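Below: one structure, written as structure tokens.
The values are calculated or read from the model by the stated rules, or taken from the named source; none is laboratory data. As the structure is a computational prediction, the values presented were derived from the model and not from experiment. Every residue, glycine among them, receives a Cβ derived from its backbone with ideal geometry; neighbour counts consider all protein chains shown.
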């Protein structure tokens, strides 16, 4: 099969890319590199031992997307801004990119006759819930513009199914953690906003200290509870999701473990794995955060057989291995695309002028 992977140069996208290539599929990647990395794509190709097509640009670029969709059977749509806290400060940015960009993508797909999609949604669509772990049929109460943008994306897919007989899967991620087992692709610590890489950053920088954002939540130790899932399990979930695209419908699945951990429990796991205590201070709650977010993963397991295989210590260990091997993340030179089967790259004149890519 041939797949289009939007946001394929990002943290999760590169993990999925490796899985698809190793399974023998043809892949086209779209990414404007606003947060993704060319070096990550190069490393993914080296790990898989297969080439792919890369289109550098924005999913709102109709002509670029139309070319990337040539021969495609299924789209994996990951390209989006993803920080709940940032979305509270710049909601218009999230609506323009996450909702507007997806609208442009769906329009190009319909024009090309590509009507199967696996969508990167989020547990942020749930907001605060009375019952945890949360089931997919729970009412949606997003508490940030980011969560609202993901819920809107799901609603758009629902209408594409009803009006044009699409087949769609929305995967509501909980909290991806970890890195590839090789240690070659992972999440750069400097740009990460999630807890584990922030904690490891504090361990690797003598002048850095982690801030626990809120210690007065209604939880056993006062800190937020989150369901963490290894990024390898999450990547594998995308391939399994293809089994739910067999008929025109919109299927929605949680991707998590069902077992939440508090911030303090995660810091203890970091200490166990690394043998070092994380330095931290206590701060105020972060806008948009909810006390607890944990998945009921039963529906996805029953439908396609998905079950997370890797636990919290394994997540932390793989992330620690990645940051030990890559203390400064990816170090590619701008415009270095050697070794990739590329198309859609910015014109050489624009690259020399340092033209900034648009938002993914």
query: Checking residue 144 against (1) closer than 19 Å to residue 3 by Cβ; (2) within 19 Å of the chain's Cα centre (by Cα), which test does it fail?
result: (1)
task: Run down 157, 225 and say which single residue is in contact (Cβ under 8 Å) with a residue 40 or more places away in the chain, more than 20 Å from residue 78 (Cβ to Cβ) and either touching a helix residue (DSSP H, G or I) at 6+ places or on another chain (Cβ under 9 Å) or buried (at least 20 other Cβ atoms within 10 Å of the Cβ) (or both).
output: 225
statement: By residue number, the members of the range 113-131 that are part of a loop (DSSP other than H, G, I, E, B) and either modelled with pLDDT under 95 or under 12 Å from residue 254 (Cα atoms) (or both) are 126, 127, 128, 129, 130, 131
query: Going by the structure shown, is residue 113 surrounded by fewer than 19 Cβ atoms within 10 Å (Cβ to Cβ), free of Cβ contacts under 8 Å to residues at least 24 places away in the same chain and on the phi > 0 side of the Ramachandran plot?
result: yes
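For (1) within 19 Å of residue 219 (Cβ to Cβ); (2) in contact (Cβ under 8 Å) with a residue 60 or more places away in the chain; (3) surrounded by fewer than 21 Cβ atoms within 10 Å (Cβ to Cβ), each residue gets a yes or a no:
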| position | (1), (2), (3) |
| --- | --- |
| 261 | yes, no, no |
| 271 | no, no, yes |
| 277 | no, no, yes |
| 282 | yes, yes, yes |
| 291 | yes, yes, yes |
| 295 | yes, yes, no |
statement: The condition of being assigned to a helix (DSSP H, G or I), within 24 Å of residue 235 (Cβ to Cβ) and at pLDDT 95 or above holds, among 65, 99, only for 65
- request: Assess whether residue 136 counts as being on the phi < 0 side of the Ramachandran plot and either in contact with a helix residue (DSSP H, G or I) (Cβ under 8 Å, 6 or more places away or on another chain) or part of a loop (DSSP other than H, G, I, E, B) (or both).
  value: yes
Residue pairs meeting the criteria (Cβ under 7 Å; at least 6 apart or on separate chains; first at positive phi and loosely packed, with under 14 Cβ neighbours inside 10 Å, in the range 302-314; second modelled with pLDDT of 95 or more and in a helix (DSSP H, G or I)): 305/240
- prompt: Taking the stated definitions as given, is residue 23 touching a helix residue (DSSP H, G or I) at 6+ places or on another chain (Cβ under 6 Å) and touching a residue at least 24 places away in the same chain (Cβ under 8 Å)?
  reply: no
